[in-house]
Amino acid sequence: MLRTILLAIAAVAAASTAAAREYHLVIDDAQVRVAGRTAEGMTINGALPGPTLRFTEGEDAVIHVRNDTDEPTSLHWHGLIVPAEMDGVPGMNGFPGIAPGESFTYRFTIRQNGTYWYHSHSGLQEQMGVYAPLIIEPATPEAASPDRDYVVFLSDFTAEHPRRILNNLKVDPGYYNNNHRTVGDLFRDARAFGLGAALRDRLAWGRMRMDPTDIADVANYTFLINGRSADENETFLFGGGERVRLRLINGSAMTYFDIRIPGLKLTIVAADGRAVEPVEVDELRVAVAETYDIIVEPAEDIAYTIYAESIDRSGYARATLAPRAGMEAPIPERRPRAILTMADMGMGPEAPSIDHSAMGHGADHAATGHDMNAGLGAGAGLDGSGRTFGWGSEFPADARVLSYADLASAAPQADTRPAKRDIVVRLTGAMERYIWTINGRSMEDAEPINLAYGERARLVFVNETMMAHPMHLHGMFVQLENGMPAERLPDKHIVSVAPGQTYSVLLTADQPGEWAFHCHLLYHMASGMMTRVVVARSDAPATAPQERDERTSHHGGH
């Protein structure tokens, strides 16, 4: 009998071992060379991006991480539902980060499938190169899986050290804005709209100490796909009649991309890792840290350009989808960057109600003498230089562009309860000092958002700034209230809130612990736009202590 019991235990242990997938990762300092430029960077296992981690839903993940750098580091599993102590945010849930010369083992069960990624949550290391894809296959294979499956990982590379970038932004928030309107633009606008209207428009923006061309904080980037520049031309192959899945991951620090493949329709089948009802579009805007799965079906024996243009039009990433290696397709012309309007600042006739006294950028509307509802671009169209007015206005009139309103969950939502309370999340900032905040406070000064276990709440995002903010909640998905029925609201863990707009999401607080909640623009988060969401229950076990791999934990060299 004892022998039988021991054999049974051994069988269970063997099954458990077989169900685990193990990785060993080393984070190290490195000289990174991209597009002819060399920079001080960081790598995972010597690569940028780091290695793609692949799992199957239901497996146990065991990920050993060694820090061979001279500063603390960490890894966060972006979009994954994990125990709070495995989320990888230093200072939360008892996790201090991984000290130089030490190792840490992350252990958790894979509870979902889809397209995700992982990155450092320490300092500005994400900009330095500590990022990589993470792909999870469903426990039950897809009934009609694509013939080809590729990861398209977008990132922004700079030879400038991120600490210097942040310092430059603190000294002058417009340091990298090389597209200010000029006297020539004033004359062109005067011819198009009249001198009085053009002067009043300049006066209004000047009194607010803002610039309508300031839609991206950092320039001088080289944009990459899977670590390769546009000149290096990452290539994905296809065969005749094949369906190809492209897993788009925006792993950049600060860049929104507008993505299209001229000559092909894009069928969106997943957003932030969650399956959605298929939506066919011509192009889509991908916010920082969002992921989308798209299906394309190239019918001709020709090459196609995968074209990802930064929203400030300072550059682009490109790759090629082709039937044979070495083929290329034409690269589209870059479009003009947009000009923001007063409506983008929440001041137009269609704008939501916003308390501008909290904006902290010195706006004095009464002193401008300007009718905010009649500013240039109130009726859309083009400015005198041929640039479109308004956030998200850069697309052709006849193009179908993905909207959040198009997204519907492919599976019915498990929780369709109405919210018990609303929690307003105001996205605020002192622009002239490059301080970004939530409800006027940075994390050091703010009380956390406290939720009871199982509580159903509504988060109401009110963007009181001229920048879009991709807001990320760790540990849980939210359901975006986009006009779909309650059972089909799409799951998101990144919600990109456009300038001057108000969005709302529903949240079921079903994961106990401390969870980071922040803007995923790296320099915004580093400048204060971060807080905590704490989900507590009286019977929740105490937070598990940090787990270290004693076999590899060490100090000094390796």
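The values are calculated or read from the model by the stated rules, or taken from the named source; none is laboratory data. Computed from a prediction, not measured in an experiment: that's the story for all the values here. Every residue, glycine as well, gets a Cβ built from its backbone with ideal geometry; the counts of neighbours run over all protein chains shown.
The table below lists the values:
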| item | result |
| --- | --- |
| Any chance Asp149 is farther than 25 Å from Pro512 by Cβ and either surrounded by fewer than 23 Cβ atoms within 10 Å (Cβ to Cβ) or in contact with a Phe, Trp or Tyr (Cβ under 8 Å, 6 or more places away or on another chain) (or both) | yes |
| Flag for Ser504 being within 27 Å of Gly528 (Cα to Cα), in a strand (DSSP E or B) and touching a Lys or Arg at 6+ places or on another chain (Cβ under 6 Å) | yes |
| Considering residues of the range 319-339 that are under 30 Å from Gly390 (Cα atoms) and crowded, with 23+ Cβ neighbours inside 10 Å only, the residue modelled with the lowest pLDDT | Ile339 |
| Flag for Val279 being touching a residue at least 24 places away in the same chain (Cβ under 8 Å), of a type outside the set (D, E, K, R) and more than 26 Å from Gly475 (Cβ to Cβ) | yes |
| Hey, Glu59 among the acidic types (Asp, Glu), touching a Pro at 6+ places or on another chain (Cβ under 9 Å) and at pLDDT 95 or above or not | no |
| Residue tally, condition within 21 Å of Ala509 (Cα to Cα) and not polar (S, T, N, Q), over the range 463-483 | 11 |
| Verdict on Ala15 being outside any strand (DSSP E or B), out of contact with any helix residue (DSSP H, G or I) (no Cβ under 8 Å at 6 or more places or on another chain), surrounded by fewer than 20 Cβ atoms within 10 Å (Cβ to Cβ) and at pLDDT below 95 | yes |
| Qualifying residue in the range 488-500 (condition: within 15 Å of Val89 (Cα to Cα) and modelled with pLDDT under 95) | no |
| Of all residues in the range 277-306 being part of a strand (DSSP E or B) and within 18 Å of the chain's Cα centre (by Cα), the one that is farthest from Ala414 (Cα to Cα) | Glu283 |
| Failed item in (1) farther than 30 Å from Ile302 by Cα; (2) modelled with pLDDT of 70 or more; (3) surrounded by 20 or more Cβ atoms within 10 Å (Cβ to Cβ), with Arg200 passing the rest | (3) |
| Condition check for Ala143: surrounded by fewer than 17 Cβ atoms within 10 Å (Cβ to Cβ) and of a type in the set (A, V, I, L, M, F, W, C) | yes |
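Let's see how each residue does on (1) at pLDDT 75 or above; (2) surrounded by 14 or more Cβ atoms within 10 Å (Cβ to Cβ); (3) within 21 Å of Arg456 (Cβ to Cβ):
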residue	(1), (2), (3)
Asn373	no, no, no
Ser385	no, yes, no
Gly390	no, yes, no
Asp398	yes, no, no
Pro412	yes, no, yes
Lys420	yes, no, yes
